[in-house]
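Have a look at the structure below before the remarks.
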Amino acid sequence: MVRESKSPHSSPTFCVRKPNGKWRMVHAFNKLNAATIPASTPIPRKDVLQNNMAGCTIFSALDIVDGYYQLLMRESDIPLTAVSTPSGMLWEWLVMPQGLSNAPATFNRLVTQLFRPMRQFVQTYFDDSSCTVNRLYANINKCIFGAEEIPFLGCFLGKDGVRADPEKVCAIAQWPVPVSQKDLRKWLGLANYLHKYSANYAEMARPLTNLLKKDAVWSWTSEAQQAFEAIKSSLQSAPILALPDEERPFSVVCDESDFAIGCALLQVDAEGRERVVSFQSR
């Protein structure tokens with residue numbers, strides 16, 4: 001994976017803790033990235049990937065083992081990846097290391113090209129892909145086969161639709177009352193990520209977003225507390241959203257107030273039930 005280097009380049013090395021408690025070695029390629037021409041490869045959109053799985057009933061998910069490390073570096077670029085270590089030696093990467101600005105786009109381009117013939121039933125997103133060939137090795141501990149529901153980019157996706165990740169909802173619900181703008185901004189960042197599961201989210205959040213305006217005086221009022229609790233309650237009772245069926249008609253329900261507008265995209269499913277596809281508001 002690496003070899004001893006005599007490159008004139010050098011980037012620092014450090015470690016970050018992974019969610020499972022283990023450590024990941026990364027490098028600060030700041031100067032190299034600043035001199036790199038950005039790749040124009042588009043990043044897959046989460047909603048498009050989800051919608052492409054409408055009508056599916058059985059799901060599998062494969063996670064590529066150390067996906068970046070399965071891509072070889074171009075020989076002429078290897079010296080640019082030289083990194084320093086506490087031993088005082090330089091090492092350079094023979095495979096694609098984490099931290100390069102174009103690494104995500106490069107990996108995404110690879111899996112997109114490899115699985116293009118199977119795009120009708122295979123969705124790829126960086127190192128999360130379904131694969132059986134091309135010598136890409138999967139991490140069996142992260143693989144799921146023949147399931148009715150799978151975790152997918154921060155939510156859970158199954159034959160009934162897409163629902164919010166219960167762990168994220170729990171974290172939002174258990175968050176203590178914010179005591180500063182910084183604290184409130186963190187909480188709203190989590191809640192905003194799930195806004196499509198909540199009707200009239202912007203209207204509910206208005207007393208809180210007002211506290212984050214420039215020159216706003218911090219004062220946690222009863223109105224702010226009610227908004228805080230309302231958002232928690234709304235997300236805890238969030239519906240399972242339907243995946244859109246392009247063969248069926250859609251309908252849109254809109255609402256407005258003096259301060260916000262909101263809408264819901266609806267669709268009647270095969271069983272005659274009117275389902276919410278998404279809530280939006282601002």
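The values are calculated or read from the model by the stated rules, or taken from the named source; none is laboratory data. Small disclaimer: the values here were computed from a predicted structure and weren't measured. Every residue, glycine among them, receives a Cβ derived from its backbone with ideal geometry; neighbour counts consider all protein chains shown.
Of all residues in region 93-107, count the ones that are more than 17 Å from Cys15 (Cβ to Cβ), part of a loop (DSSP other than H, G, I, E, B) and either at pLDDT below 90 or within 18 Å of the chain's Cα centre (by Cα) (or both).
Applying the first criterion (more than 17 Å from Cys15 (Cβ to Cβ)) to region 93-107 yields 94-96, 100-107.
If we keep only those that are part of a loop (DSSP other than H, G, I, E, B) as well, we get 94, 96, 100-102.
This time we only want the ones that are either at pLDDT below 90 or within 18 Å of the chain's Cα centre (by Cα) (or both), so: 101-102.
Going through region 93-107 one residue at a time, the tally reaches 2.
For region 36-59, a residue qualifies if it is within 20 Å of Ala103 (Cβ to Cβ) and exposed (fewer than 10 other Cβ atoms within 10 Å of the Cβ), and the qualifying residues are Ile37, Pro38, Ser40.
Pairs meeting the criteria (first residue in region 54-82 and closer than 18 Å to Phe29 by Cβ and in the same structural domain as Thr106 (by TED's automatic domain parsing), second residue among the basic types (Lys, Arg) and in a loop (DSSP other than H, G, I, E, B), beta carbons under 9 Å, at least 6 apart or on different chains) are Pro79/Lys6; Ala82/Lys6.
Inspect region 212-220 for any residue being under 25 Å from Lys159 (Cα atoms) and over 24 Å from the mean Cα position of the chain (by Cα) and give the result as yes or no.
Taking region 212-220 first, the residues under 25 Å from Lys159 (Cα atoms) are none.
No, region 212-220 contains no residue that is under 25 Å from Lys159 (Cα atoms) and over 24 Å from the mean Cα position of the chain (by Cα).
Any idea which residue in region 57-92 is nearest to Leu32 (Cα to Cα), counting only those that are part of a loop (DSSP other than H, G, I, E, B) and among the polar types (S, T, N, Q)?
Of region 57-92, the ones part of a loop (DSSP other than H, G, I, E, B) are 57-58, 62, 65-66, 71, 73-74, 82, 85-89.
When the remaining residues are screened for being among the polar types (S, T, N, Q), the result is 57, 85, 87.
Values: Thr57: 45, Thr85: 17, Ser87: 22 Å.
Only one residue fits best here, namely Thr85.
If only residues of region 187-210 that are touching a residue at least 40 places away in the same chain (Cβ under 8 Å) and of a type in the set (S, T, N, Q) are counted, the one that is farthest from Ala238 (Cα to Cα) is Asn200. Filtered by the rule that a residue be under 30 Å from Cys56 (Cα atoms) and either assigned by TED's automatic domain parsing to the domain that holds Gly146 or touching a helix residue (DSSP H, G or I) at 6+ places or on another chain (Cβ under 8 Å) (or both), region 193-216 gives Tyr193, Leu194, His195, Tyr197, Ser198, Ala199, Tyr201.
If you take the residues of region 137-162 that are part of a loop (DSSP other than H, G, I, E, B) and at negative phi, which of them is modelled with the lowest pLDDT?
Going through region 137-162, the residues part of a loop (DSSP other than H, G, I, E, B) turn out to be 137, 139, 143, 148, 153-154, 159-160.
From what's left, at negative phi: 137, 139, 143, 148, 159-160.
Numbers: Tyr137: 68, Asn139: 75, Cys143: 82, Glu148: 86, Lys159: 88, Asp160: 90.
Out of the qualifying residues, it is Tyr137.
Scanning region 18-56 for residues that are out of contact with any strand residue (DSSP E or B) (no Cβ under 6 Å at 6 or more places or on another chain), of a type in the set (Lys, Arg) and outside any helix (DSSP H, G or I), we see that the one that is nearest to Leu72 (Cα to Cα) is Lys22.
The residue pairs whose first member lies in region 264-277 and is in contact (Cβ under 8 Å) with a residue 60 or more places away in the chain, whose second member is among the aromatic types (Phe, Trp, Tyr), and whose beta carbons are closer than 8 Å, counting only pairs six or more residues apart or on different chains, are Ala264/Phe279. Residues in region 23-43 that are of a type in the set (Lys, Arg) and either modelled with pLDDT under 85 or not assigned by TED's automatic domain parsing to the domain that holds Trp93 (or both): Arg24 only. Evaluated against (1) outside any helix (DSSP H, G or I); (2) among the aliphatic types (A, V, I, L, M); (3) under 19 Å from Ser60 (Cβ atoms); (4) at pLDDT 70 or above, Val177 falls short on exactly one condition, (3). Considered as a group, the residues in region 211-260 that are touching a residue at least 24 places away in the same chain (Cβ under 8 Å) and part of a strand (DSSP E or B) include one that is surrounded by the most Cβ atoms within 10 Å (Cβ to Cβ), and that residue is Leu241.
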